[in-house]
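The values are calculated or read from the model by the stated rules, or taken from the named source; none is laboratory data. This one's a predicted model, so the numbers in the text were calculated from it and none came from an experiment. Positions of Cβ are backbone-derived with ideal geometry, glycine not excepted, and every protein chain shown enters the neighbour counts.
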């Protein structure tokens, strides 16, 4: 009696390619499908689906990075964050003076008492090439505080200043721009 063996070849998992539509996850699934297509199944369509999954993730993250650095809605969001932080930073500076008897010489000193003091200029968004602090200058018993805005250049029209009400009876050292 002869026994015959029948080889069954499994079908490539094409439907896994749908996972490639999920950015980041899709890159890893795509890499797996690409390798399976090349090494195990020797199937060009599975390899193409895998490569497309990797390219899709690269495209999505590139578009997000571009939008974050160039789209006005993102820039406006960073400016709004900067404005809130500047207003809060005035409180941090004034509290520092109450605790230490004088204004700080530089913003980094605020983080000795409060590690969460917002001294990084959020208006710079993703355009910064390093750490960018808010502009701060101690002038005698007063101080100047502002953000350089989107262009990163101080003393231009896009600069942001703290928006707090200072009256004649206010006892804070913030110098308001004219």
Handout entry: Residue match in segment 144-162 (condition: under 15 Å from residue 91 (Cβ atoms) and surrounded by fewer than 16 Cβ atoms within 10 Å (Cβ to Cβ))
Key = no
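So which residues in segment 8-44 are surrounded by 12 or more Cβ atoms within 10 Å (Cβ to Cβ) and part of a loop (DSSP other than H, G, I, E, B), if there are any at all? Talk me through it step by step, then tell me what you get.
Of segment 8-44, the ones surrounded by 12 or more Cβ atoms within 10 Å (Cβ to Cβ) are 12-14, 16-23, 25-38, 41, 43.
Selection gives 12, 13, 22, 23, 41, 43.
Residues checked against (1) assigned to a loop (DSSP other than H, G, I, E, B); (2) closer than 26 Å to residue 24 by Cα; (3) assigned by TED's automatic domain parsing to the domain that holds residue 22; (4) in contact with a strand residue (DSSP E or B) (Cβ under 6 Å, 6 or more places away or on another chain):
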position: 89; (1), (2), (3), (4): no, no, no, no
position: 116; (1), (2), (3), (4): yes, no, no, no
position: 136; (1), (2), (3), (4): no, no, no, yes
position: 165; (1), (2), (3), (4): yes, no, no, no
Exercise for the section: State yes or no: is residue 110 assigned by TED's automatic domain parsing to the domain that holds residue 159, in contact (Cβ under 8 Å) with a residue 12 or more places away in the chain, surrounded by 15 or more Cβ atoms within 10 Å (Cβ to Cβ) and touching a strand residue (DSSP E or B) at 6+ places or on another chain (Cβ under 8 Å)? Expected result: no
Exercise for the section: Scan segment 89-98 and give yes if some residue there is at pLDDT 95 or above and under 30 Å from residue 67 (Cβ atoms), otherwise no. Expected result: yes
Exercise for the section: Taking residue 75 as the residue in question, decide whether it is in a helix (DSSP H, G or I) and surrounded by fewer than 16 Cβ atoms within 10 Å (Cβ to Cβ). Expected result: no
Problem - Boolean, residue 54 is in contact with a helix residue (DSSP H, G or I) (Cβ under 6 Å, 6 or more places away or on another chain) and at pLDDT 90 or above - result: yes
Completion exercise
Screening 54, 81 for residues that are in the same structural domain as residue 162 (by TED's automatic domain parsing) and either under 25 Å from the mean Cα position of the chain (by Cα) or surrounded by 15 or more Cβ atoms within 10 Å (Cβ to Cβ) (or both) leaves only 81
Exercise for the section: Determine whether residue 133 is at pLDDT 90 or above, surrounded by 13 or more Cβ atoms within 10 Å (Cβ to Cβ) and over 29 Å from residue 65 (Cβ atoms). Expected result: no
